[in-house]
Structures are given as structure tokens and as C-alpha cells.
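> Let me begin by handing over the structure; questions about it come next.
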Amino acid sequence: MLTIFKNLISMIRNLINGDEYISDRSKITYSLYFMSFMHISYALLFMFCESAFLALYNLLAFLIVQILIRVAANKHLFTAATLSAVEILAFSVVSTLALGNSMNFNLFCFSIIPMVFYVSSTIKDFKKHSYFSLLFSLLSLATYAATIVIRTKNAPITNFPYDNILLISIIEIANSIIIVGMITIFLFLFTWEMKNNTATLEKRNQQLLQFANVDPLTKLPNRRCMMQTLNLAMHELSRGTSVFSIILGDIDNFKKINDNYGHDMGDKVLLTVAHTISSQLRECDAVCRWGGEEILILIRGNAESATAIAERIRLNIATTEVVHNNNAVRVSMTFGVTQAEIGYRIEQIIQSADNRMYYGKQHGKNQVVSQNH
């Protein structure tokens, strides 16, 4: 029992820190452990009060809960949870029948409602039983109404020191604390689980968005992401609020690098180029891996400023040596530059930059071309 208590404390601490997820089996199992502790405590209490009927009943309930723990361990979670809820309702009715309503045993009916909503909303086994929580809540309210009838129609049927007002007050307060505690715990767990699920979904959505918009190798934005940026830039251009230019670059002799040194070297060249280009740009500019060994850059400025930036990038790349597995290669790039103009589609502007880059490839490579030839 001490080990179980330590594990429970550790789990609660990890939950608060967000370091642990409660498995479906754990939810049911720890609830059953609590029920075991509750019934054995009541059995000892009623033995002390010389109420043999309730002492024996709680011992029997304790044994039933042990069986339910085994049922939960065998992954029959719906059965274990349903029977445990029925057992609590039965405990409420039997205790009220034996003692009356004066000690709040009938209020255990209300502790069932948040429990059934929690387990039916968070445990997979309950997904095909969509009306479980509603039906059991109605059953709990009906059971509570039945205990009221029991109180008015029947006198208590077991021995108990009713003249001991202090003992009755202690039991009444203890029951109220247990019931409120159960309701609070299940509401806390339900709230925590909903927040945890929401945070998990947000994290997965962010990951999916990153996968959709970021090139996995270079970590640069991909073509899809850049098209959104380009369309926004075209909209601003049409309104006369900004000017932009396109730089399209291609790594020279990239196929030979892959063929001679392997794809790992090719990947390292792409990473080096991506880092070099990113370090030369301003915050207002944008860059992406356009495809293969092509890099597309959006410059907030006219063709003259874009050409100067492209030339600076070209020089930095040309003076960089990439080393991998004791092999070193010099890398160069050829760039085509085009200023965007109103009336042209973005595809036409990119094609213009591509034509200029192709001209540079055909006439020596490792250069920036910003005019038609």
C-alpha cells in the first residue's frame, strides 16, 4: 500500500509538471485503490462502533473491489468502471438503509456523476457507449431520491451509538470531505485532460504546419510557403506600397559533386549554401529552397539592390570550402535577378529570373545576371 501511495504522489507531481500522461488502465486502477482504502477504513470504523452488518458489508465490498482491480488489469476497463460505479451506489443505499441520512452517506450518489463523465469522455473503451454518462447520472439521481424515501419510510436497521453526537459529527464531516474531494479530483482530472489534449493538438498542428512549409534538409521555407510570401508581395506591389525583386540561384556542377563525393556531401553543400544565403539577408527579405539545388530569394528593393545582394552572396559562397569525410570541395552559384513589375504574373517574373540564371550557366557560371542578353 505504501508503494502504491508513493507511486500516486509521483504521478500527481508529474501530471502537474506536464511530464506524464495518465493511461486508461491507471485511471481505473487508482480509483479502485481509493475505493479499497475507503471500504477498509469504513470496515474498521464500524467494527469499532460494533456495527457488525456494516463492517461485514464493507469487508465484502473491499473483496469485490480487489476482483475489479484484477478485471482492470486484464484490460476490461468498461466492465471494471461500470461495476465500481454500481458498487458506490450500492454502498450509498446500504449505508443509508442501515444508518439513515444523518451522516451523508447518500451524498456518495453525487460523487458518481463527475466520475462517469470523466471516464466516458477520456477512456477509449467508452467511446462506443455514448449514452453511458447520461444514463448513469440519471441512475445516480434516482438512487439519491430512493435514499430520501428510505429515510422517511424506514428506521435504521443496525446497531450504532447514535447518542455519540461527536462521532456522528466526525463521520458526517469526513463523508462530506471525501465526497467533495472525489468530485474535485475528477473535475481537476477532466479539466487537465482537456487542456492536455488541446495542447497536444496544437503542438501536432504546429508540427504539421512546419512539415508543410519547411524543407526538411535545409530548414529553409519550401516552395509552397514562398508562394504565399510572393503572392503577398505582388498584392503590395499592385497597391504601390512596396517594390521587390526575385533572385533565383542554382549551385554549379551539383550533379558532379553528388557523383564524385556522394549524396552526403551534396546534402552538406546544400546546408552550407542555405546558411550562407540566410546570413546575408535582411529581416524583410525571404529565401526558400525552390527545388533540387535551386534557391529562390525575395528582396524588398529594386533590381540594383537585389543584384548587389546576389553578388555579395555569390562571393561568400565562392570563398567557402565544404569538407566532408576528408574531402573538400569549392562551391559556386549562378544567379538570375529580375525586378517585379505591375501587370506581370509571379510565374512570369520567376521565369525571367530563371532565363537570366540559365544564360549565366551557359556563359561561364559563378556569376550574377540581371539583364536580358
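The values are calculated or read from the model by the stated rules, or taken from the named source; none is laboratory data. For clarity, every value in this text was computed on a predicted model and none was experimentally measured. Counting neighbours? That spans all protein chains shown, and the Cβs are built from the backbone with ideal geometry, glycine included. Ligands, DNA and RNA are excluded from the accessible area calculation, which covers all protein heavy atoms including side chains. Shrake-Rupley method; radii C 1.70, N 1.55, O 1.52, S 1.80 Å.
> Take the stretch 246-277 and flag every residue that is among the polar types (S, T, N, Q) and surrounded by 15 or more Cβ atoms within 10 Å (Cβ to Cβ).
Asn253, Asn258, Thr272, Thr276
> Pick out the one residue from Ile299, Ile295 that is surrounded by 22 or more Cβ atoms within 10 Å (Cβ to Cβ), of a type in the set (A, V, I, L, M, F, W, C) and over 35 Å from the mean Cα position of the chain (by Cα).
Working: Ile295 fails: over 35 Å from the mean Cα position of the chain (by Cα).
Just a single option satisfies the conditions, and that option is Ile299.
> Can you tell me which residue among Val287, Val273 is within 34 Å of the chain's Cα centre (by Cα), outside any loop (DSSP other than H, G, I, E, B) and modelled with pLDDT of 95 or more?
Val287
> Check whether at least one residue in the stretch 335-342 is open to solvent by 90 Å² or more (accessible area, probe 1.4 Å) and either among the basic types (Lys, Arg) or touching a helix residue (DSSP H, G or I) at 6+ places or on another chain (Cβ under 9 Å) (or both), and report yes or no.
yes
> Return only the number of the condition from (1) polar (S, T, N, Q); (2) at pLDDT 85 or above; (3) surrounded by fewer than 17 Cβ atoms within 10 Å (Cβ to Cβ) that Thr143 does not satisfy.
Checking Thr143 against (1) polar (S, T, N, Q); (2) at pLDDT 85 or above; (3) surrounded by fewer than 17 Cβ atoms within 10 Å (Cβ to Cβ), the one that fails is (3).
> Looking at Ile257, Ile179, Ile170 in this structure, which one is of a type in the set (A, V, I, L, M, F, W, C), touching a Gly at 6+ places or on another chain (Cβ under 7 Å) and farther than 30 Å from Glu304 by Cα?
Within the list Ile257, Ile179, Ile170, the selection yields Ile257.
> Now for a different question. Residues of the stretch 318-354 being under 14 Å from Gly249 (Cβ atoms), assigned to a helix (DSSP H, G or I) and not acidic (Asp, Glu), which ones?
Result: Ala318, Ile350, Ala353.
> Spot the failing condition for Gly240; the list is (1) under 28 Å from Arg345 (Cα atoms); (2) buried (at least 18 other Cβ atoms within 10 Å of the Cβ); (3) at pLDDT below 95; (4) of a type outside the set (D, E, K, R), and only one is missed.
Among (1) under 28 Å from Arg345 (Cα atoms); (2) buried (at least 18 other Cβ atoms within 10 Å of the Cβ); (3) at pLDDT below 95; (4) of a type outside the set (D, E, K, R), Gly240 violates only (2).
> Which condition does Lys75 not pass, out of (1) in a loop (DSSP other than H, G, I, E, B); (2) over 29 Å from the mean Cα position of the chain (by Cα); (3) not small (Gly, Ala, Ser), if it passes all the others?
(2)
> Determine if the stretch 312-325 includes at least one residue that is in contact with a strand residue (DSSP E or B) (Cβ under 7 Å, 6 or more places away or on another chain), small (Gly, Ala, Ser) and on the phi < 0 side of the Ramachandran plot.
no
> Quick check on this structure: which one of Leu296, Leu315 is in a helix (DSSP H, G or I) and at pLDDT 95 or above?
When all the criteria are applied, what remains is Leu315.
> Identify the single condition in (1) of a type outside the set (Val, Ile, Thr); (2) closer than 19 Å to Glu341 by Cα; (3) without any contact (Cβ under 8 Å) to a residue 12 or more places away in the chain that Lys256 does not satisfy, given that it satisfies every other one.
(2)
> Right, something else. Any idea which residue in the stretch 47-65 is nearest to Leu77 (Cα to Cα), counting only those that are open to solvent by 10 Å² or more (accessible area, probe 1.4 Å), modelled with pLDDT of 90 or more and aliphatic (A, V, I, L, M)?
Ile64
> For the stretch 177-199, enumerate the residues that are free of Cβ contacts under 8 Å to residues at least 12 places away in the same chain and open to solvent by less than 50 Å² (accessible area, probe 1.4 Å).
Gly181
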